[in-house]
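In what follows, a structure is listed as structure tokens, so that the remarks can point back to it.
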Amino acid sequence: MNRDRALGAARRRRSRSTGAGMASLGLFRPGSGPLHRLPALVKLLGLAALGVAVVVAGGPVASLALFGVAALALVLARPPVRTTVRGLAPLVVLAGLAAGYQVWRGDRTRAVEVATDLLSLVLAATAVTVSTPMADLLAVMVRVARPLRRWLPPEALALAVALMLRTVPALGRVLAETRDAARARGLGRDPRALLIPAAIRTVARAQATGQALAARGIGE
Amino acid sequence: MIEFESADVVVPGPGGEDVRILEPVTGTFPERRVSVIGPNGSGKSTLVRLINGLALPDSGAVRVNGLDTVTDGPAVRRQVGFVFTDPDAQLVMPTVVEDVVLSLRRLDLSTKDRRARALEVLARYRLEHLADVSVHALSGGQKQLLALASVLATEPRILVCDEPTTLLDLRWRHYVDELLDSLDQQTVIVTHDLDAAMRADRTLVVDRARVVFDGPPVEAVAFYRSLAGQSLEPR
């Protein structure tokens, strides 16, 4: 029984460490629902408006209402349930911890606000990315950034955002592999054995990605 | 046509001194299939990186269809596709179809047409069922195939592959090899797979920063085997 429990824990750890759930959260899924049919610019403006409302609106009722809007948007986007639940789980835990801290301080109202505001933003952002192809999001970013083109090429900005999104799961994998390598050498508890190689591998990866972009003539 | 004219590459060494990682190379390569073999760290990758301007010659010149890689870099890269050993570094967009779409940004197409073209490309390489899947979720073989598809989407005239099958299992290695063999483009492939090297029209053997053999594949492989029999000595 103990062995089974240990195996289960190891498997759960492994599943977490590969970052598979987080990597798939918010990936575009083709569809024909109302959110899919909305133009990308409208959805991004909606997301921005929700962000402002979350900051400006006070009180748990407003926070719960905004949470309801974000949850409805996510339902309309029809993301894959299992992947989404798995991807959101760590954020729910984080929201729970933040709320718990507020309860511990004796401010229950603030606890509701903090947790629901955080989840509202994540749910709404997920709804946007699930229902909008990356190419459409990049096209909007290019259009919005056009007035800044003297200082910042819009295409480069859009590419940087796309790269950032792609890099999150990749860095998760680098960390997981480095942690495994440290464990294999009996250095699982030494933070230097994790952080230094992970940092070096991250820089190496950034250089390799830069070379790959140059090889594809992107950004020229 | 690829031309090397006394092209060499020098990098700063640990003590600040110049270290030549590729001795001057001269040659013209009109063959449809060229393979490059040699020990690890011998300079094979540096040699092929010169072809699309990822590495630039410190002296001499490299020309592709008459274009100089130093002065006409972007034009050269439009003609020369490059596939790396590790596709993870090469795939930069979140989903499969979006990575192909990124390659097509050079073409003057609408967003809708780009996606349609990208789906056509994926269908050609039997990846269409993975179009909206995260690149993170692909197997190593699927990633390398996607990296190839993303490069071939722009229909380059020359394809350079730096150990494209090194990280693949046997089945995927066969599949990628067959795909590379079937291409109309001129292909330059760096490989440790001597069977693949033998299928080329011409083979270069690189050792200790020099091209030490340049000729028919069978003889080149025999020469490389004789090299491999020599003792390993640190440079």
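The values are calculated or read from the model by the stated rules, or taken from the named source; none is laboratory data. Computed from a predicted structure; not experimentally measured. Every residue, glycine as well, gets a Cβ built from its backbone with ideal geometry; the counts of neighbours run over all protein chains shown.
General remarks:
- In the stretch B:187-208, the qualifying residues are those that are surrounded by 21 or more Cβ atoms within 10 Å (Cβ to Cβ) and not β-branched (V, I, T), and the one that is nearest to B:L22 (Cα to Cα) is B:L204.
- B:D58 meets all of the listed conditions (1) of a type outside the set (S, T, Y); (2) more than 17 Å from the chain's Cα centre (by Cα); (3) buried (at least 24 other Cβ atoms within 10 Å of the Cβ) but one, namely (3).
- Among the candidates A:G186, A:G100, A:G96, the residue that is at pLDDT below 85 and either surrounded by fewer than 18 Cβ atoms within 10 Å (Cβ to Cβ) or under 26 Å from B:D88 (Cα atoms) (or both) is uniquely A:G186.
- Residue check: A:A215 meets all listed conditions (1) touching a Phe, Trp or Tyr at 6+ places or on another chain (Cβ under 7 Å); (2) surrounded by fewer than 18 Cβ atoms within 10 Å (Cβ to Cβ); (3) among the small types (G, A, S) but one, namely (2).
- Residues of the stretch B:124-158 that are in a loop (DSSP other than H, G, I, E, B) and either within 12 Å of chain A (Cβ to nearest Cβ) or among the polar types (S, T, N, Q) (or both): B:A131, B:D132, B:V133, B:L138, B:S139, B:A153, B:T154, B:P156.
- For the stretch B:14-55, a residue qualifies if it is surrounded by 15 or more Cβ atoms within 10 Å (Cβ to Cβ) and farther than 28 Å from B:A228 by Cβ, and the qualifying residues are B:N52, B:G53.
- For A:V122, the test of being within 23 Å of A:A71 (Cα to Cα) and either touching a Pro at 6+ places or on another chain (Cβ under 7 Å) or part of a loop (DSSP other than H, G, I, E, B) (or both) is failed.
- Leading residue by the ranking (nearest to B:P74 (Cα to Cα)) among those in the stretch B:141-186 that are among the β-branched types (V, I, T) and surrounded by fewer than 20 Cβ atoms within 10 Å (Cβ to Cβ): B:T154
- The stretch B:67-123 - residue that is among the small types (G, A, S) and surrounded by fewer than 22 Cβ atoms within 10 Å (Cβ to Cβ) and, of those, nearest to the other protein chains (Cβ to nearest Cβ): B:A89
- Tally of residues being more than 12 Å from B:V211 (Cα to Cα) and in contact with a strand residue (DSSP E or B) (Cβ under 6 Å, 6 or more places away or on another chain) across the stretch B:7-34: 13
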